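The next block holds one structure in the form of structure tokens; read it before the comments.
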């Protein structure tokens, strides 16, 4: 359900600063010219509809005031002042319209040196110098880093009204999490206790071995406390496997199996090198992960449970009937895996190109009609279109911050050298494709490499096992490598290099003995750096609350799967638009460009 907030203002610049904070939560901010009264707010809230749910009506007052007081400042040069922001918010709670106030005060002084003066419209960004950072709002804005008392007051509203009342938890098998990421929460133990994820029938198709391979790589769960944490997704790094509540245990287990599959095929790493072929390879790799995991979880896993005698209405899902219609049996060692490869290739072709010919060939071989395929397409075409759009947007966001990613990847080299985490850069993957050659177009060649290097070895049990202690260390190192993105993005913070280097040294020195106590010390040290960013207005309170648990390497981008069919582009058209031609020989490695941010 689309959500919006109504801001009582006629100031477009103020509106833009509000929108910047709320767009990360998928909340639209609309301006309205209305009095700041309970009656006006009640009328606006009453206009809320399922298509446009108004979560609050807000009015903001913001000005420079005399230090420690509320009287508006004269803005004399060197006057000690505070930037005070007060937000009045009206919202519906327990069926009643209620009101709350959120405010924040930022200390500084008026600095008119060099002829600095207010901007057009009365904005005093050039003359208010923030004590915490030593910068004026104007200087912060020029660096793309303005975090004012307005942003902090908005954060207080977000923490109170938008954050979840309770962390996301499993519904059928609740875990009662207390942190977003908790390394005491043992994934292997959870899987072993699950009657579905540890079902004996999984061994017949290799899914027990696949789960073991993923767990031994070092994974952890995520229990989000806000939507920014919930929507973040980067298999292989610091996102973790999310708790996703469903209506029943089997649905929850199937969804979790889907996410385990993504960690079998972790996203390729963007290291700051931008190229057209790199863009295509990144998107194709990510989408193949979607195609593969859907088959492994919603088809093969479900079939293994059914064959094991689990009583469930399997036709409730739109994927399993298609699998059943093909009559394919993926059990039985090498021959079964060869048949599974056929299924995966069919779904990859459909997911990436909108080409259902391979699915139709499987159905024809089984003597089945296309009813199950049509139903499958009606359900999942929109998913694949939106996932293509989401992945392309991620690439765009990373490419725009290529310099940050280049720094981050170089900064994490010592940590990546401590163990095998299965991470692979886009550059490395492209180079391997070029060396290997292979048949078919770019999609076929990427899928063939993933089958050979990731999928088949895991199903066959060819991935070496490790100890529980090693699993935990790998999980924590994976998590910290992702979180180190904060140091690259905030390399201008005075203590960023010190904290990064001390954490690196600590993790290197404690390799092989990263027990829970050592992990807690490292996390506390990292979290204090995050808090310091907010204290210096280099991050908002909302940023800090999120980044203490995990640092998202990409900004949130929202897509929607459940609209009417005509709301979505045709899958084949979306593929052609986003991926272009896929038949390139030889695979071009150039041009590759790296951006360099000039000093502020």
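As for the stretch 30-53, it holds no residue that is under 20 Å from residue 156 (Cβ atoms) and touching a helix residue (DSSP H, G or I) at 6+ places or on another chain (Cβ under 8 Å). Taking residue 103 as the residue in question, decide whether it is part of a loop (DSSP other than H, G, I, E, B) and either assigned by TED's automatic domain parsing to the domain that holds residue 23 or modelled with pLDDT under 95 (or both). No; evaluated as a whole, the condition is false for this residue.
Count of the stretch 547-580 residues, restricted to those that are in contact with a helix residue (DSSP H, G or I) (Cβ under 9 Å, 6 or more places away or on another chain) and not in a helix (DSSP H, G or I), is 20. Within the stretch 482-503, residues that are outside any helix (DSSP H, G or I) sit with their Cβ atoms under 8 Å from residues that are at pLDDT below 95, at 6+ positions apart or across chains, in these pairs: 492/143; 492/600. Looking only at residues in the stretch 395-405 that are out of contact with any helix residue (DSSP H, G or I) (no Cβ under 8 Å at 6 or more places or on another chain) and touching a residue at least 12 places away in the same chain (Cβ under 8 Å), the one that is farthest from residue 281 (Cα to Cα) is 403. Filtering the stretch 436-463 down to residues that are touching a helix residue (DSSP H, G or I) at 6+ places or on another chain (Cβ under 6 Å) and assigned to a loop (DSSP other than H, G, I, E, B), which residue is nearest to residue 334 (Cα to Cα)? Top of the filtered list is 461. Would you mind stating whether residue 75 is on the phi < 0 side of the Ramachandran plot and in the same structural domain as residue 152 (by TED's automatic domain parsing)? Considered against the rule, which asks whether it is on the phi < 0 side of the Ramachandran plot and in the same structural domain as residue 152 (by TED's automatic domain parsing), residue 75 comes out as no.
The values are calculated or read from the model by the stated rules, or taken from the named source; none is laboratory data. Keep in mind that what you see is a predicted model, and the values were worked out from it rather than measured. Every residue, glycine among them, receives a Cβ derived from its backbone with ideal geometry; neighbour counts consider all protein chains shown.
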